[in-house]
Amino acid sequence: MRRFRWLPLLLCPAVLVACSSTSTQDTPPASPGVTAEAASAAAVCDREPSGPATPPARAVTVDPAVPGDLVAKTRANPPGTTFWLAPGTHSLGADQYAQVTPKDGDTFLGAPGAVLDGRKVNQYAFTGHASGVKIEHLTVQGFVAPHDEGVVNHDSGDGWVVEHNTIQRNAGAALMAGARQQVRGNCLRDNGQYGMNAYKGDGTITGLVVEGNEISGNNTDDWETRSPGCGCTGGVKFWSVNGADIRGNWVHGNHGVGLWADTNNNDFLIEGNLFEANDGPAIEYEISYNATIRNNTLRNNNWADGRKYTDRGDAFPVAAIYISESGGEPRIPARTAKVEIEGNLLENNWSGITLWENADRFCNSPANTSSGTCTLLVPDQARCAQPGIASPPLYSDCRWKTQNVDIHDNRFVLDTKAIGCEVTCGRMGLLSNYGTYPDWSPYKNDVVADAVTSHQNNRWHDNTYLGPWTFMVHDTSNVLDRTAWQAADSKQDMGSVFTRGSG
């Protein structure tokens, strides 16, 4: 959760059954925003379809009784080979860098009961820059990838298909991502940092598909406590991804944010997912562009993080969907030119949707926690300095702006008794801070707060509310009831229906 600096997240409240990292819950019930088919498909942990019981024709059989057999046979065979891992626990060798380096088009199939175990010795399972690799029907566990690194597809090879696997109880991230990667029907659970870290150093991840996965219990190493302010935890983290479809996943019980798109992401479709009992926001979209968030169900998210803010007297409206310095930008090609949040059910989360823009966070500002990064409109951060930044076009283009956000046809349900709070868990937010830093900033005082509130086309309309909702506007000192929220000055939530009560 970023505002002025990174702020720590809490662990999942023990009272929430869905926070269990064993992932043995029954199939989640279907509800508005998640079809029965999507909910059922995503409850895959301990229910993965079995791989082939016998080796396919021309496949190379890998023997679990021979340490390092998979490494040796992958090295010895040509590109495009299919490897069948026989039932049993496979190991890669005694060296921390004993790892599999696939060739282009290789396929790795697990037989029923095939486990690839790093035994807390090996750092990585599958590495290298090969393209078109397939990994299916395997359990991958016990690897010790370093912080911010991943176990499967460690080097972010392109065109990988990772399907019907269980990747669990590893340090770091279960897997990394490359361009055109398809991550389907996997159980990504109980990993030390992330279920997936979608990051590639050259920023060329395009066409990413994350569909029908169960992503649960990740960040077991509690990185926000170990490294306060790192912003490095949760179910999935996306960095500089241009084009992602995230559909039909069950994202639950992660010790941090559920899905977190952070830093120059663009063109996201987040659709038909079920988010439950994540410690932080279900969805965080930060210094990024152009997204559609629709037909999702969000339940019981953000309780730990919200309660932490309240307990320390921080009035900031942490919310289940947190849009931070992100918005629609028509000059950046995408399937939409706005951030559209539509058709979602938000039920008993700690607050609803917050649109935030930090006045002190812009390209080349020391307050930009994504240091060294500039906006997609101004790649050269040296340009965002005085005197040029004080005039168009840099005055506008050096900011990541929360703009063109369209929030409509959502249902917000709040029962404060179920959550265990009286006031602070039922808020929407549209606000900024008072600009103060650095001393050469052209965005001081209320410049950004006025802009994000009244001049950047951020609208709520045609929503349905059940429960005691309030609205924080401009800054944290200004909390409105729904009458003032809909009044002439705000003109928000036109066409919306409000039903007072506990929800």
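For residue 152, state whether it is of a type in the set (Val, Ile, Thr) and buried (at least 23 other Cβ atoms within 10 Å of the Cβ).
Yes.
Just for segment 207-225: of the residues that are hydroxyl-bearing (Ser, Thr, Tyr) and open to solvent by 20 Å² or more (accessible area, probe 1.4 Å), which one is nearest to residue 46 (Cα to Cα)?
220
Mind checking which residues of segment 247-287 are surrounded by fewer than 24 Cβ atoms within 10 Å (Cβ to Cβ) and part of a strand (DSSP E or B)?
247, 266, 267, 269, 271
Using beta carbons and a limit of 7 Å, which pairs, at least six apart or on different chains, have the first residue in segment 370-384 and free of Cβ contacts under 8 Å to residues at least 40 places away in the same chain and the second one of a type outside the set (Gly, Ala, Ser) and open to solvent by 60 Å² or more (accessible area, probe 1.4 Å)?
Cβ pairs passing all conditions: 374/380; 374/381.
Tally the residues that are touching a residue at least 24 places away in the same chain (Cβ under 8 Å) and open to solvent by 10 Å² or more (accessible area, probe 1.4 Å), restricting the search to segment 427-440.
Residues in segment 427-440 being touching a residue at least 24 places away in the same chain (Cβ under 8 Å) and open to solvent by 10 Å² or more (accessible area, probe 1.4 Å): 6 in total.
Just need a number here: residues in segment 226-246 that are surrounded by fewer than 21 Cβ atoms within 10 Å (Cβ to Cβ) and either among the charged types (D, E, K, R) or in a strand (DSSP E or B) (or both).
3
Please report, ordered by residue number, the strands (runs of 3 or more DSSP E) entirely within segment 402-503 with at least 2 residues that are touching a Pro at 6+ places or on another chain (Cβ under 8 Å).
Filter on segment 402-503 gives 427-432.
Scan segment 96-135 residue by residue and report those that are part of a strand (DSSP E or B), out of contact with any helix residue (DSSP H, G or I) (no Cβ under 6 Å at 6 or more places or on another chain) and open to solvent by less than 10 Å² (accessible area, probe 1.4 Å).
108, 110, 114, 116, 126, 135 - these are the residues of segment 96-135 that are part of a strand (DSSP E or B), out of contact with any helix residue (DSSP H, G or I) (no Cβ under 6 Å at 6 or more places or on another chain) and open to solvent by less than 10 Å² (accessible area, probe 1.4 Å).
Any residue at all in segment 201-216 that is in a loop (DSSP other than H, G, I, E, B) and modelled with pLDDT of 95 or more?
The answer is yes, given that some residue of segment 201-216 is in a loop (DSSP other than H, G, I, E, B) and modelled with pLDDT of 95 or more.
Quick check on my filter: what residues within segment 460-472 are open to solvent by less than 40 Å² (accessible area, probe 1.4 Å), out of contact with any Phe, Trp or Tyr (no Cβ under 7 Å at 6 or more places or on another chain) and more than 13 Å from residue 423 (Cβ to Cβ)?
Hit for segment 460-472 is 460, nothing else.
Taking only segment 378-426 into account, find how many residues are open to solvent by 60 Å² or more (accessible area, probe 1.4 Å) and among the aromatic types (Phe, Trp, Tyr).
1
Can you find a residue in segment 189-199 that is modelled with pLDDT under 95 and not in a strand (DSSP E or B)?
Checked segment 189-199: at least one residue is modelled with pLDDT under 95 and not in a strand (DSSP E or B).
Between residues in segment 140-161 that are within 17 Å of residue 116 (Cβ to Cβ) and residues that are hydroxyl-bearing (Ser, Thr, Tyr) and surrounded by fewer than 24 Cβ atoms within 10 Å (Cβ to Cβ), which pairs lie under 7 Å by C-beta distance while being six or more apart or on different chains?
As it stands, the answer is 154/127, since those pairs meet every condition given.
Which strands (runs of 3 or more DSSP E) sit wholly inside segment 288-377 and have at least 3 residues that are open to solvent by 10 Å² or more (accessible area, probe 1.4 Å)?
Filter on segment 288-377 gives 289-294.
Could you pull out the residue among 222, 245 that is modelled with pLDDT of 95 or more and either on the phi > 0 side of the Ramachandran plot or of a type in the set (Asp, Glu) (or both)?
It is 245.
The values are calculated or read from the model by the stated rules, or taken from the named source; none is laboratory data. On a predicted model such as this, the values are computed, not experimentally measured, just so you know. Note that each Cβ is placed from the backbone with ideal geometry, even for glycine, and that neighbours are counted across all protein chains shown. When the accessible area is computed, the model is the full protein with side chains, heavy atoms only, and any ligands, DNA or RNA have been set aside. Shrake-Rupley method; radii C 1.70, N 1.55, O 1.52, S 1.80 Å.
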